Structures are given as structure tokens and as C-alpha cells.
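Trainee: This structure is in C-alpha cells; I'll ask about it shortly.
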Amino acid sequence: MAKHDKDATFVGDSRVPAKRIPNVAPSYSDFPGKSEPFWPNFLLKEWMVAAVGLVGFLVLTVSHDSPLTDKANPNDTSFTPLPDWYFLFLYQLLKYPWASGDWVVLGTIVIPGIAFGALLLAPWLDRGPERRAFRRPIASGLMLLSLVGIFYLTWAAHDEHVRNHPSQAGGGSHNAAPAPAEEADPGFKADSIWTAQQSCVSCHGNNMEGGVGPNLQKIGAKYDAAQIAEIIKNGIPPQMPGGMIKDEQTIQELAEYMAGLK
């Protein structure tokens, strides 16, 4: 009887693959034109892009002033501060009754904490392999809703500020250069009743030549004493605040002095 050689295969746990493939990275030569070494090829390209962006940012900062709001001025009570554009949506959020007042903790900590916490935990909350946005409706919908909310709140805050404070539109009423002192008399010397009023001097100058406010060396040609006193008391909103001088006698003396400047 002929003998037949038979191969015997030992089968173990079916969940364990019979052949083990060593975990060795493939050679770059197997993918010509599609891959490159991280060092130095890829990293050098990243540095070049970063350098171009940095140079562009430096050129922008040198050629254009930062759009910051006004410096603190205790004499300007008419100025309404406004956060920079990237915080406007949070600023607008705190205007709603359910996120301010007794609920201010909800608007300042809870809601932003949930939003930014969800953003940080997104890779662990949504672990699906699908990368197409339309096949991830929950994650895509929440992200789209967040972006729409941020854009709307930013626009609403800016629009409301422009409507309520038109003179401060564009980043503040004093961001531009100070008002030029037109036809200022360099030989003019203000009386001591004027120089003693620091709230007036800070805007109109020591000798009323003008600065942030207009030149007042000939203010008497435009207003009489009663009108000037009324302006000192009530101001000219929103450019000039009122009530900076409290003493009635000082107001009358200053108004009479200014009415005589013609």
C-alpha cells in the first residue's frame, strides 16, 4: 500500500491570525512621488510657510496701527468701552437676561465652559472613522450651529454699539488723531480760572488751543455766558461729558470769562 504524505495544519484560536506581519514601516521607495521624509524635507516646508506668515504679520503690524480701543480717561464719562472683536460674542451673550444678573455665572462660566470643553473632548466623543461632514450629521450640525451663533452674536454686538454710539464706531471716538487746533494763537494765555479746571484742560489744552477737543480761544464769538454755563453743566453728548464742574459759582465765573473771548 502506497504511502501518501499529508500536511498537517494545527488550528488554534480562530481569532488569532495564522500569519504574523512584522510591524515595519514601508520603504519610501515603494511610494515614489507620494511621500517624503519628515526630516528635513517636510519640516523644512513647514518652516518656510511659517516664515512667510510671520513676515506678513510683521509687515502688517509695522504698516498699520493696532485697532485698539481708547486709553482710559476718567474725564470722558461719555465713552462706552467695547471688547475687541474676538470677545464680542461673549460680550453680547451677557446682555441677555438668562445669562446675566442672577444668572451671570451661567453666561460667564457654564456656557463657555461647556462649549470649549466639548471642543477639546470632540476627538474622544466622536470616534467614528468617517471623515465626510454629511455622514457625521451630529458633529457637523453642532459645529455649524456654533459658528452661526458666534457670527450672529458678534454682528449683533457691533451693530448695537454702532446704533447707540455712532461717534465711537470703528473702535472708539478718540482712536483717530486729536482734533487740530485751528487758528490757535500761540501768544494767548488762559486765565487762572481756566487753568484750574483740569477736566477742561485735559481736552482743550492749557491755553485753550485745542487737543482732543476743539480750540476755545474765541468761544465767546459763538456762545454767550448762559449758553456756555449750560454746556459746562450738561455737556454736548456724546463728545463732551457734562457735570465735570460741580461748584455753581465756579461755573458762572468760567462761563463769563469764556464768553468774553471773541
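Rule-based calculations on the coordinates, nothing more; no lab input. Nothing here was measured: the structure is a model prediction, and the numbers come from that model. Backbone-built Cβ (ideal geometry, glycine too); neighbour counts: all protein chains shown.
Trainee: Can you give me the three principal axis dimensions of region 192-259 from its C-alpha atoms, in Å, biggest first?
Mentor: That gives 25, 23, 22 Å along the principal axes, largest extent first.
Trainee: With θ set to phi - 60°, apply the Karplus curve 6.51 cos²θ - 1.76 cosθ + 1.60 along region 185-201 and write out the HN-Hα couplings as whole Hz, x wherever there is a Gly or Pro.
Mentor: In residue order, the calculated couplings are 8, x, x, 6, 10, 6, 6, 5, 4, 7, 5, 7, 9, 5, 5, 7, 5 Hz.
Trainee: A further question follows. So what's Rg/Rh here for region 85-168, counting alpha carbon atoms and using the Kirkwood radius for Rh?
Mentor: We get a ratio of 1.09 for region 85-168.
Trainee: For region 147-153, what does the Karplus curve 6.51 cos²θ - 1.76 cosθ + 1.60, with θ = phi - 60°, yield as ³J(HN,Hα) per residue in whole Hz, taken in order and with x for Gly and Pro?
Mentor: Values per residue, Gly and Pro as x: 5, 4, x, 5, 5, 5, 5 Hz.
Trainee: Among Thr108, Leu144, Ala133, which residue has its Cα furthest toward the positive end of the charge dipole of region 85-168, with +1 on Lys/Arg Cβ and -1 on Asp/Glu Cβ?
Mentor: Looking along the dipole axis, the top candidate is Ala133.
Trainee: Figure the gain on full extension for Ser192 and Arg132 (residue separation times 0.36 nm, minus the Cα-Cα span) and round it to one decimal in nm.
Mentor: That works out to 14.1 nm of additional length.
Trainee: Continuing with the same structure: Provide His64, His158 in ascending order of the number of other Cβ atoms located within 10 Å of each residue's Cβ, fewest first.
Mentor: If I rank by nearby Cβ atoms, fewest first, I get His64, His158.
Trainee: Moving to a separate point now. Order these peptides, 90-97, 201-208, by their mean beta-carbon neighbour count within 10 angstrom, highest first.
Mentor: 201-208, 90-97
Trainee: Okay, moving on. Which of the pairs Lys189/Lys262; Lys95/Lys233; Lys189/Lys246 have their Cα atoms more than 22 Å apart in this structure? Can you show the working numbers first?
Mentor: Details: Lys189/Lys262 14 Å; Lys95/Lys233 31 Å; Lys189/Lys246 25 Å.
Cα-Cα > 22 Å for Lys95/Lys233; Lys189/Lys246; rest within.
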